[in-house]
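Chemist: Here it is, the structure, as structure tokens.
Derivation of every value follows stated rules applied to the coordinates shown; laboratory data play no part. Everything numeric here is computed off the predicted structure, so don't read it as measured data. Cβ sites come from the backbone with ideal geometry, for glycine too, and all protein chains shown count toward neighbours.
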Amino acid sequence: MNDKPLYVHAEWDAEARVWFATSNDVPGLATEADTVEALVAKLETMIPELLAANGAAVEGDISFELLARRFDHVRPAA
């Protein structure tokens, strides 16, 4: 692969209580996990598999950048 990292976007789904990841750079990528760490572990396996399944030459290291976003709210103590 080239030196340009693949971009993966993750957002917190508060209702399902999971991180959900997709990527325009990795066709077919859609996965979820309870933690960001668990999500990264899944991505390390899924990204090369999906790239190969889509006909990309997969050799050497594949760089990816995970952009995680979570919106939340808190209530101040009374």
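Chemist: Checking the structure you have, find out if any residue of segment 7-20 is among the basic types (Lys, Arg), within 11 Å of the chain's Cα centre (by Cα) and either surrounded by 13 or more Cβ atoms within 10 Å (Cβ to Cβ) or assigned to a loop (DSSP other than H, G, I, E, B) (or both).
Modeler: Step one: of segment 7-20, the residues among the basic types (Lys, Arg) are 17.
Adding the requirement that they be within 11 Å of the chain's Cα centre (by Cα) leaves none.
No.
Chemist: In segment 55-78, what residues are charged (D, E, K, R), farther than 30 Å from Glu15 by Cα and surrounded by 10 or more Cβ atoms within 10 Å (Cβ to Cβ)?
Modeler: Scanning segment 55-78 gives no hits.
Chemist: Sticking with this one: Can you tell me which residue is surrounded by the most Cβ atoms within 10 Å (Cβ to Cβ) among those in segment 23-54 that are among the polar types (S, T, N, Q) and within 13 Å of Leu6 (Cα to Cα)?
Modeler: Within segment 23-54, the first condition is being among the polar types (S, T, N, Q), and the residues that meet it are 23-24, 31, 35, 45, 54.
Add one more test, that the residue is within 13 Å of Leu6 (Cα to Cα), and what stays is 23-24.
On the way: Ser23: 23, Asn24: 10.
Applying the filter and picking the extreme gives Ser23.
Chemist: Would you please list the contacts, defined by Cβ atoms under 8 Å and residues six or more apart or on different chains, that run from a residue in segment 64-77 that is in contact (Cβ under 8 Å) with a residue 40 or more places away in the chain and on the phi > 0 side of the Ramachandran plot to a residue that is among the small types (Gly, Ala, Ser) and surrounded by 10 or more Cβ atoms within 10 Å (Cβ to Cβ)?
Modeler: Cβ pairs passing all conditions: none.
Chemist: Restricting attention to segment 21-44, which residues are part of a strand (DSSP E or B) and touching a His at 6+ places or on another chain (Cβ under 9 Å)? Step through it out loud before you land on a result.
Modeler: Initial filter on segment 21-44 (part of a strand (DSSP E or B)): 21-22, 30-33.
Correct list: Ala21, Thr22.
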